[in-house]
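Quick notes on the structure that follows.
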Amino acid sequence: MNVSASDAVLLAHAGFGVTGCLAALWVFLEALHAEPGNAARIRAAALVTAVSMAAAWICGGYWYVHFYPAEKALILSGPWPFAHNLFMETKEHLFLITGMLAFLLPVTTREKLFSNAAARKLVLSVAALIVVTGLAVEGAGAVIEHGAKVSLLRGAKGDR
Amino acid sequence: MNATMAQQSPKLTATTSGFVLAAAVAALFNTALAWARDAYTPWNGIMKSLTGNAWTAHCLADLVLFVGLGLIFTKTRAAEKIDPNRLTVALIGAVAIGALGLALWFAFV
């Protein structure tokens, strides 16, 4: 098995991102049934969301700065240039919104959700936004990787 | 939601409301900065000169704005006066506009 630093950082980025999305979904489900008994669990899940998204941000940022330029050139020379021009350009900026929402979540879960309907609605909204934008970013990542893959495959077949 | 919840005051703390408003502003700022960097190349160069990579400078600008505005709104209690449900709608709207603004810009511009 030959796993390079680039591979490890990229997989860690995607893994932390998925973990952050799942933790936000956990917050959403717990907040639907908010009561004094699950308040600590909601705060813990919110913290897991923030820490996971921070880790995804750091890993993704490191990979983007150090390894992406070569892949970008590959994508742009292949049959799927929109994998960079549309999907990467949108992903690299949309993720910043997801990250800020993830940092906002632990702040909002400090409210007494079991007795404050407005706070509960806010936490449900923030958690749902993290899940939706996070999944969009994950999906964009898959398209970007496929853009590089089709470029390599066309190159290998010599029909580029 | 039970009857007890509905009867109680729907107020948010100054910290929560302050950081929610800051997040809404930062989400819109993030998209506007992405447009500016894409539309005006020299601006991208200025940002690159600050940290060595324009995207890194973009991240820092977003985070500084989010945390800075959050602390200011918390201290001044400015966002606390806004109805919590309106604040939630404003955040959802800002994220939707920010996300669609990015996708449409890079798809068509």
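Of A:Ile130, A:Asn2, A:Ala40, which is farthest on the positive side of the dipole of the stretch A:1-136, counting Cα position, with +1 on Lys and Arg Cβ, -1 on Asp and Glu Cβ, and the Cα centre as origin? Working it through, the farthest residue towards the positive pole turns out to be A:Ala40. Express in whole angstrom the spacing between the alpha-carbon centres of the stretch A:111-129 and the stretch A:59-83. Answer, in whole Å: 38.
Here is the tail figure for the protein assembly as shown: Cα pairs spaced more than 25 Å apart come to 47 percent of all pairs. Full extension of the segment from A:Glu145 to A:His33, taken as 0.36 nm per residue of separation minus the current Cα-Cα distance, would add 36.5 nm.
Label separation (B:Ala96 vs B:Ala32): 2.1 nm, computed from points 7 Å beyond Cα along the C-beta direction.
Taking a ≥ b ≥ c as the square roots of the Cα gyration tensor eigenvalues, with a/c under 1.5 meaning rounded and otherwise prolate when a/b beats b/c, else oblate, which class fits the stretch B:55-109? Note, shape of the stretch B:55-109 comes out oblate. So if R0 is 45 Å, what FRET efficiency would A:Lys112 and A:Tyr62 give, r being the distance between their Cβ atoms, rounded to the nearest 0.05? For R0 = 45 Å, the calculated efficiency reads 0.70. How far is the Cα center of the stretch A:138-157 from the Cα center of the stretch B:11-61, in Å? Cα centroid to Cα centroid, the span is 29 Å.
What does the C-alpha gyration tensor say about the overall shape of chain A? Classify as rounded when a/c is under 1.5, otherwise prolate if a/b is larger than b/c, or oblate.
Details: a/c = 3.29, a/b = 2.60, b/c = 1.27.
The shape class here is prolate.
Taking the Cβ of B:Ala107 as the centre, find all other residues whose Cβ is under 14 Å away and add up their charges (Lys, Arg: +1; Asp, Glu: -1). Every neighbour counted, the sum reads -1. Only Cα pairs under 8 Å and 6+ residues apart enter the sum, and on that basis the relative contact order of chain B stands at 46 percent.
Using a 10 Å cut-off around each Cβ of peptide A:98-105, what is the average number of partner chain Cβ atoms that fall inside? Present the calculation step by step, with values, prior to reporting the outcome.
Working: counts 3, 5, 14, 5, 0, 6, 10, 0.
That average works out to 5.
A simple spin-label model places pseudo-atoms 7 Å from Cα toward Cβ; at B:Val89 and B:Thr76 they are separated by 2.4 nm.
Placing +1 on the Cβ of every Lys and Arg and -1 on the Cβ of every Asp and Glu, with no other charges, gives the protein assembly as shown a dipole of roughly 400 debye about its Cα centre. For the stretch B:15-109, a/c is not less than 1.5, where a ≥ b ≥ c are the root eigenvalues of the C-alpha gyration tensor, and a/b does not top b/c. That puts it in the oblate class.
Against the main long axis of the alpha-carbon atoms of chain A, helix A:68-77 sits at an angle near 60°.
As an exercise, use a Förster radius of 35 Å and the Cβ-Cβ distance of A:Leu22 and B:Thr51 to find the FRET efficiency, rounded to the nearest 0.05. Taking R0 as 35 Å, the efficiency between A:Leu22 and B:Thr51 is 0.65. Dipole check for the stretch A:1-153: with +1 at the C-beta of Lys and Arg, -1 at the C-beta of Asp and Glu, and the Cα centre as origin, the magnitude is about 420 Debye. Going Cα to Cα from B:Lys48, which lysines come in below 27 Å? Please leave out same-chain ones fewer than 8 positions away. B:Lys48 reaches A:Lys72, A:Lys91.
The distance separating the Cα centre of the stretch B:69-109 from that of the stretch A:1-25 comes to 28 Å.
Mean separation of Cα pairs under 8 Å and 6 or more residues apart, divided by the residue count, gives the stretch A:16-83 a relative contact order of 35 percent.
Just so you know, all these numbers are worked out from the coordinates, no wet-lab data involved. Because the structure is a prediction, the values reported are computed rather than measured. Glycine also receives a Cβ, built like all others from the backbone with ideal geometry; neighbour counts cover every protein chain displayed.
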